[in-house]
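Undergrad: Pasting a structure here, questions to come.
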Amino acid sequence: MSPAANRIPPLTGHPVFAELPETVFEAMSRLARQHGAINLGQGFPDGQGPDDVRAAAARALESVSNQYPPMMGLPWLRSAIATHYRHHQGLDLDPEREVMVTSGATEALAGALMALVRPGDEVVLFEPMYDAYLPLVRRAGGVPRFVTLKPPHFRIEEAALADAFSERTRIVLLNNPLNPSATVFEEDDLALLAAFCRRFDAVAVCDEVWEHVIFDGRRHRPLMAQPGMRERTVKIGSAGKIFSLTGWKVGFVMADEPLMRVLSRAHQFLTFTTPPNLQEAVAYGLAKDDAYFEGMRTELARSRDRLAAGLSRIGFTVLPSAGTYFLSVDIAGLAADDVAFCERIVSEHGVAAIPVSAFYEGGSVNNLVRFCFAKTDATLDAAVERLAGLFPGT
């Protein structure tokens, strides 16, 4: 046998990541650039975010240390986070032991899964789900168990939970408000899920980055506030979503002290810390009065309503949007497949959107298409005008 036959194949990387296809966001954004399309696919707003928060970051860049801040985050930011959530959600958090700052919510999610999932542990996931969840669960060694939420209301049903939970359930990963479907879960949904977490002794990792981006008088209800969930919940927030500064990547993690000790160890060996000037600015922003948060929601709801009205006027069936930057339309009767439909509208009509089937592991729901409405009036109106070509006579 020749020496070449005994050679180890070249390293190709871990299969979880090496075998991942191009994300739907990359694919649709690339097509948007190729066709000069209006991009209503990726979820980032037009504009630069609040002037005063950006000014606070600029001042801090010159006035505070640019060396490593504490691994857990600047003490005054952690204090501001605890104060913020006490005021807005009635949570009582110890800023010294139960609050940590991360470089974005995705780092917080990755760190939580690395810290808490043991190989072979089952992780309950709700689909539609943000596309980072499943690769992170699998890379941590978790075994995914899916709860499929169905349009148009995407409610959590007891029978579906009973099928997903088992004695091997270790983690439940919940996104509320739910990004792909623009759903804000009702109190009954949260109480039902909390009961299953208690029964099976599971830890809930809650991605609540959209908690302030909710509409029509709703108020966010954290799963952590449910009976018996305080000591078994990891709550994750994001300054990027609160202040429409998605590029800042400043996240928050809140958990009971025994959980936080483990979470902090994972964070220590991921990013370790987060830019101090951004932390200073976020501390300033979290102390803003209620009028800021109400105004932000009002303005986004106005954009939501503008796009929804335009899409309805030209012939789309628009699903409810209770929160996030997104709304979906039902394309049943227009196309048999949401991916092909999105490829068609970006190439033929110059508007990029996201097929919702991308957020389901098996693509079981393929009749919904998601648009981002966090754009200027002119951008939204131009997109509707272009999409009107799908409906001759409008």
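The values are calculated or read from the model by the stated rules, or taken from the named source; none is laboratory data. Quick caveat: nothing in here was measured; it's all calculated off a predicted structure. Quick reminder, even Gly has a Cβ in these numbers, built from the backbone with ideal geometry, and neighbours come from all protein chains shown. All accessible areas refer to the heavy atoms of the entire protein, side chains included, with ligands and DNA or RNA removed. Shrake-Rupley method; radii C 1.70, N 1.55, O 1.52, S 1.80 Å.
Undergrad: Ignoring everything but the protein chains, give the 1.4 Å probe accessible area of residue 130 in square angstrom, nearest 10.
TA: Near enough 70 Å² of accessible area.
Undergrad: What are the lysines whose alpha-carbon lies under 22 Å from the alpha-carbon of residue 241, with same-chain residues fewer than 8 places away excluded?
TA: 249, 288, 375
Undergrad: At what distance in nm do the modelled label points of residue 262 and residue 92 sit from each other, each positioned 7 Å from its Cα along Cα→Cβ?
TA: Reported label-point gap for residue 262 and residue 92 is 2.5 nm.
Undergrad: Ok, one more. If you average the sequence gap of Cα pairs under 8 Å that are 6 or more apart and divide by the length of the chain, what percent do you get for the contact order?
TA: 24 percent
Undergrad: With each pseudo-label sitting 7 Å past Cα toward Cβ, what's the residue 168-residue 343 distance in nm, one decimal?
TA: Modelled inter-label distance: 3.6 nm.
Undergrad: Which whole number in µm²/s is D for the chain by Stokes-Einstein, with the Kirkwood Rh taken over Cα pairs at 20 °C and 1.002 mPa s?
TA: 97 µm²/s
Undergrad: Now, a different point. Do you know the relative contact order of region 351-394, to the nearest whole percent, from alpha carbon pairs under 8 angstrom that are 6+ apart?
TA: The value is 33 percent.
Undergrad: Sum -39500 (n - 2.57) across every DSSP H segment of at least 4 residues in the chain, then divide by the residue count to get the 222 nm mean residue ellipticity, nearest 500.
TA: So the helix-based figure for the chain works out to -12000 deg cm²/dmol.
Undergrad: Only residues of region 142-170 count here: report those whose backbone N is under 14 Å from the spot 7 Å along Cα→Cβ of residue 16, or say none.
TA: Those under the cut-off are 142-145.
Undergrad: Another question about this same structure. Assuming R0 = 30 Å, what is the FRET efficiency of residue 336 and residue 143, from their Cβ-Cβ distance, to the nearest 0.05?
TA: The calculated FRET efficiency here is 0.40.
Undergrad: Leaving out ligands and nucleic acids, and using a 1.4 Å probe, what accessible area per residue does region 285-394 come to in Å²?
TA: Solvent-accessible surface per residue comes out at 38 Å².
Undergrad: Over the chain, with every protein chain in place, what whole percent of the accessible area is carbon and sulfur at 1.4 Å, could you tell me?
TA: The computed percentage sits at 52.
Undergrad: Let's test the formula: R0 of 30 Å, r as the Cβ-Cβ distance of residue 59 and residue 218. What FRET efficiency results, to the nearest 0.05?
TA: Once the sixth-power term is evaluated, E becomes 0.30.
Undergrad: What Kirkwood radius, in Å to one decimal, follows from the Cα pairs of region 1-114?
TA: Taking every pair of different Cα atoms in region 1-114, averaging 1/r and inverting gives 19.7 Å.
Undergrad: Could you give the C-alpha radius of gyration of region 323-394 expressed as a fraction of 2.2 N^0.38 Å, taking N as the number of residues it contains?
TA: 1.11
Undergrad: Taking each pair of different alpha-carbon atoms in region 140-234 once, compute 1/r for the pair, average those values, and report the inverse of that mean as the Kirkwood hydrodynamic radius in Å to one decimal.
TA: 13.8 Å
Undergrad: Evaluate E = 1/(1 + (r/R0)^6) for residue 287 and residue 361, where r is the Cβ-Cβ distance and R0 equals 30 Å; express this FRET efficiency to the nearest 0.05.
TA: Between residue 287 and residue 361 the formula returns 0.15.
Undergrad: Please report, to two decimal places, log10 I(q)/I(0) for region 82-206 at q = 0.11, 0.14, 0.22 Å⁻¹ as given by the Debye formula with identical point scatterers on the Cα atoms and no solvent.
TA: Debye curve over Cα of region 82-206, log10 I(q)/I(0) at q = 0.11, 0.14, 0.22 Å⁻¹: -0.40, -0.65, -1.42.
Undergrad: Dipole of the chain, Cα-centred, from +1 at each Lys and Arg C-beta and -1 at each Asp and Glu C-beta, to the nearest 20 debye?
TA: 580 debye
Undergrad: Now for a different question. What distance in nm separates the simple spin-label points at residue 298 and residue 158, each placed 7 Å from Cα in the Cβ direction?
TA: Taking the two extended label points, one gets 4.2 nm.
Undergrad: Work out the P(r) tail for region 174-291: percent of alpha carbon pairs separated by more than 16 Å, whole number.
TA: Roughly 66 percent, once rounded to a whole number.
Undergrad: Protein chains only, probe 1.4 Å: how do 169, 298, 23 rank by accessible area, largest first?
TA: 298, 23, 169
Undergrad: Tell me, what is the per residue accessible area of region 170-225 in Å², probe radius 1.4 Å?
TA: Dividing the accessible area of region 170-225 by its residue count gives 29 Å².
Undergrad: Heavy atoms only, 1.4 Å probe, whole protein assembly: order 361, 62 by accessible area, highest first.
TA: So the residues, ranked largest to smallest area, are 62, 361.
Undergrad: Send over the per residue convex hull volume for region 125-176, Cα only, as a whole number of Å³.
TA: Given the Cα convex hull of region 125-176, per-residue volume reads 76 Å³.
Undergrad: Which value, in nm² and rounded to one decimal, describes the direction-averaged projected area of the C-alpha convex hull of region 244-365?
TA: Averaged projected hull area, Cα only: 11.8 nm².
Undergrad: Got a number for the accessible area of residue 133? Probe 1.4 Å, square angstrom, nearest 10.
TA: 10 Å²
Undergrad: So for 265, 302, 297, what's the accessible-area order with a 1.4 Å probe, most first?
TA: Sorted descending by solvent-accessible area, the residues read 265, 302, 297.
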